[in-house]
1. How many Å² of accessible area per residue for region 56-105, probe 1.4 Å?
2. Could you sort the peptides 148-154, 282-288, 7-13 by per-residue average Cβ neighbour count (10 Å cutoff), highest mean leading?
3. Calculate, for region 291-365, the solvent-accessible area per residue in square angstrom, rolling a 1.4 angstrom probe over the heavy atoms of the protein chains.
4. Once you list every other residue whose beta carbon is under 14 Å from the beta carbon of Thr271, what net charge do they have if Lys and Arg are +1 and Asp and Glu are -1?
5. Within 10 Å, count the other beta carbons around each residue, average over each peptide in 170-183, 289-302, 42-55, and list them highest first.
6. Under a Cβ-Cβ cut-off of 12 Å, what is the net charge of the residues other than Ala251 that fall near it, where Lys and Arg count +1 and Asp and Glu count -1?
7. Counting only protein heavy atoms and using a 1.4 Å probe, what share of the accessible area of region 61-184 belongs to carbon plus sulfur, as a whole percent?
8. Can you bin region 233-353 into rounded, prolate or oblate? Criterion: square roots of the alpha carbon gyration tensor eigenvalues sorted a ≥ b ≥ c, rounded for a/c under 1.5, prolate for a/b above b/c, oblate for the rest.
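The values are calculated or read from the model by the stated rules, or taken from the named source; none is laboratory data. Because the structure is predicted, anything quoted here is derived from the model rather than measured. Every residue, glycine among them, receives a Cβ derived from its backbone with ideal geometry; neighbour counts consider all protein chains shown. All accessible areas refer to the heavy atoms of the entire protein, side chains included, with ligands and DNA or RNA removed. Shrake-Rupley method; radii C 1.70, N 1.55, O 1.52, S 1.80 Å.
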Amino acid sequence: MRAPQTERGRLVLLVVLAVVVTLFTATVPLLRDWFDLRVYYGTVNTWVHHGGRIYDYLVPATTYGFTYPPFAALVMLPMAFVGLRTAIVASVLLNLAALAIVLRILAGTEWRRYGWYGWTLAACGLALYEPLRDTFSFGQVNLLLLALVLGDGLLLSTGRSRWAGTGIGLGAAIKLTPALFIGLLLLARRWRAAAVATGVAVAATALAALADPGASRFYWTEALWDTGRVGRLDYVSNQSLQGVLARLGAADPPFWATAVLLVLCVWAWRTRRAVAAGDWTAAFALTGLAACLISPITWVHHLVWLLPSFAVLVRAGHPRVAGALYAVLCTSVVWLWFENASGLDGFLGSNTYAWITLGLLLGLPAGQPRADRPPLTRSASARAPAPRPAAPMMTPVPGQSESSSGAEDAAAATAPVADEDFARSPSSEPTGSTRPAAAKPQSSSARASSYTANPPPS
């Protein structure tokens, strides 16, 4: 099929797609009624106005409470001074802003080339992506954390690294998943950025301890180690390695520790190659994939961390692979095995998203020489840069990645402009299923033992 060539044809296509997407999201997925946001809202309100303790609060008629580090409650404190509806509107707007930042960073310097037509097509496609649907519908924070982390990646790749690490540190203090990105900074030998990230995370954690010493002591000594507060490991929404093993009945610590060690070895090997080639997009994408796999619990909405991987695939000239994998992640297919994940079909089908994550970690194009990496553009003609003379050999700047030869410097100088943003170096149990509702909701901020898509009235 050929894309419409006229403005009118494009407008008609977009209207049709918008109607299809609207009908799909209104009828097929089960919306989550801002359940996680209600957990956050109830927690900070009880904490501020009624003298309650952060980890004692439970959503009425449920057993679900707050599961993030204490600093997250401190960040969410403004919700205690507004109504729930205002908090919901603020959540939607913040997530939209974070999504815009993520797309802007991943698109690179040629983001304007896509125009209104390209970005509207992207919006329709993103509305179908199950992790994004659940992120908005739950009122989750993962998209905000992704924006913070990629912001640091942009600073590193463009040489403005003075404050690089701040976003990663804040993200790690709010939720533990971004902490692996400090490991990425260490692998890349960005010592200053790693120190900044660690310092910010420690300072934020200390600030929370000053605000509520009892909550901090309870979280770091008890709640952190109790995965039962978050949800069942074998629940089908848990698409981590631990979830795969739990559904197999092999979730013993030695098996899981071995799997985590293997994943970390693959991640370190592939990430070092990406960093050596100045491919920061791929390095950050690989780290997001590894974080999802090694976390004890990775609910479906946590998989917004896969978005950079699709940008890497398209940029590397594999749009069909990216489209196929993305389409699978729009289907809610894992929920077909909600009641029974036994047998070969259950093993393969109930872990579909985990297989995609693992496959991307193993096969994502990474570490391509800079001059060989095609930019994320719409056409071959747009990718062809004007000839330029080879750059002279430059003296490396301490703390920055350096080429191993003058030839590599020349290749970097002639790399396409579109990839400059990342090429140049100087709790939860989400629901999103298509199946009928069950008895109790699971949420990424909730301790849970069963699933439902119908949370109690607020």
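1. Numbers: 2260 Å² over 50 residues.
Result: 45 Å² of accessible area for each residue.
2. Values: 148-154: 24.4, 282-288: 29.9, 7-13: 13.0.
So the order, starting with the most tightly packed, is 282-288, 148-154, 7-13.
3. Details: 2640 Å² over 75 residues.
About 35 Å² of surface per residue is accessible.
4. Numbers: positive: Arg189, Arg190, Arg270, Arg272, Arg273; negative: Asp279.
Within the 14 Å Cβ shell, the charges total +4.
5. On the way: 170-183: 22.8, 289-302: 25.4, 42-55: 17.9.
Ranked from most to least packed, the peptides come out as 289-302, 170-183, 42-55.
6. Values: positive: Arg232, Arg247; negative: Asp234, Asp252.
Value of the local net charge: 0.
7. Values: 3320 of 4460 Å².
Using a 1.4 Å probe with all protein chains present, region 61-184 comes out at 74 percent carbon and sulfur.
8. oblate
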